[in-house]
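Asker: I have a structure here, written as structure tokens, and I will follow up with some questions on it.
Readers should treat all values here as calculations from the given coordinates under stated rules, not as data from a laboratory. What you see is a predicted model, and the numbers here were worked out from it, not measured in a lab. Cβ: placed from backbone, ideal geometry, glycine included. Neighbour counts: every protein chain shown.
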Amino acid sequence: MTVARSEIVDVEMTRYYHVISKTVRGAWLLKEGREDRKQWIEDRLELLAGNFAVSVAGFAILDNHLHLLVRLEPDMGKELSDEEVIRRWVNVYPPRTLDLEDEKLFKAWIDYHLKDTKLIEKYRERLQNLGWFMKALKEPLSRTANREDDCQGAFWQGRYKSIAILDDEALLATCAYIDLNPVAAGIAATPETSPHTSFRQRMENAKEKDAIEDLKAAREGTVQGSRAAKNIEADHWLAPIEDRRNAKSFSSEREGLLETYSLGSYALLVDYTARLFRNGKARLNAAAAEIFDRMGTSVEFWSDRIKKMLSSKDLRGSYFAGNSESLQPLKEKLKHRIANLSPQPT
């Protein structure tokens, strides 16, 4: 049964959502030979993450669908000044008749629209809305692709799937699942060579900062890896893996995904899981074992779950929890039975 979007997307329940959007009829409209479309989506995601009150925590763009992990930021949206709201909206939807390079003219245009409080509140609401985020991501590409292909009609399937992520274990599993999609599809041999993924983005950012060796320090233990990584992701457009706001050292104002869980630890987990999926086995060293201990799960349970997810043809369900206890508050709120995410066999 289809669940109403308004019931699924509820920031009081969770701010994290796994979004899946497929091309119409599953056609390979983003396939190899049209790599510019995948790069366009990646570039557009960076633009939207810098303007919407929506953080991008993960993504993978494949031939006929894309995966996103997003975090809604309602507090950020409420705190934006009226002028910032207008500037952000114009960055996403620039008026054709306005020269954004002419700052004097742009400022006069903003001052004029600052008088329209209803318009500002409409833009503010849209900048916090997942539906508008997806609309701003997909519609421009649809129009561009139709012009390139000299055709009309839908490019994307009408309804995207959104899965509410209810706890840290589900959040980490979703991150890894998204980043490993190209490996599972046979597009790439390793996560770091997977094109158009958040993992590749994070590793390229680390390379640019000459910090790859620091990330490898995670193999000596997650605490050391966290210290060595410092603030590699502090200024990157993706939401950082580690939430350092409460850290005693190397603190950051930016919110990350998980406290005391470094990018180096995540890289180790993804590498281990990729080897497990490709070869059916992987060496469990002390650092990897510590990761599973801190997650409060076993390597066997993690391996079984990720294998099922990566081998499935579809993910059925609108909610994902690492344990049944995380589903209980939702059941009490919605007053009906809630099914946890279920990978469907191929």
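Asker: When you scan region 71-121, how many residues do you find that are among the hydrophobic types (A, V, I, L, M, F, W, C) and in contact with a strand residue (DSSP E or B) (Cβ under 9 Å, 6 or more places away or on another chain)?
Answerer: Within region 71-121, residues that are among the hydrophobic types (A, V, I, L, M, F, W, C) and in contact with a strand residue (DSSP E or B) (Cβ under 9 Å, 6 or more places away or on another chain) number 2.
Asker: Residues in region 113-154 that are hydroxyl-bearing (Ser, Thr, Tyr) and farther than 15 Å from Ser81 by Cα: how many?
Answerer: Residues meeting the conditions: 2.
Asker: What pairs come out if I take residues in region 111-126 that are closer than 13 Å to Val90 by Cβ and pair them with residues that are among the acidic types (Asp, Glu) and part of a helix (DSSP H, G or I) whose C-beta lies under 7 Å away, six or more apart or interchain?
Answerer: Close Cβ pairs (under 7 Å, with a partner that is among the acidic types (Asp, Glu) and part of a helix (DSSP H, G or I)) amount to Leu114/Asp82; Leu114/Glu83; Ile120/Asp82.
Asker: Please verify whether Gly77 is part of a strand (DSSP E or B) and not hydrophobic (A, V, I, L, M, F, W, C), treating the condition exactly as stated.
Answerer: no
Asker: Working only within region 127-147, note down all residues that are of a type in the set (S, T, N, Q) and part of a helix (DSSP H, G or I).
Answerer: Selection gives Ser142, Thr144, Asn146.
Asker: Looking only at region 30-69, count every residue that is out of contact with any His (no Cβ under 8 Å at 6 or more places or on another chain) and among the β-branched types (Val, Ile, Thr) and tell me the total.
Answerer: 2
Asker: Another question, if that's okay. Which members of region 102-126 meet the condition of being within 21 Å of Phe52 (Cα to Cα) and not in a helix (DSSP H, G or I)?
Answerer: Matches in region 102-126: Leu114, Asp116.
Asker: Would you confirm whether or not region 174-183 contains a residue that is over 20 Å from Lys22 (Cβ atoms) and either buried (at least 20 other Cβ atoms within 10 Å of the Cβ) or over 12 Å from the mean Cα position of the chain (by Cα) (or both)? Please lay out each step first, then the result.
Answerer: As a first pass, look at region 174-183 and keep what is over 20 Å from Lys22 (Cβ atoms): 175-176.
If we keep only those that are either buried (at least 20 other Cβ atoms within 10 Å of the Cβ) or over 12 Å from the mean Cα position of the chain (by Cα) (or both) as well, we get 175-176.
Yes, that holds for at least one residue.
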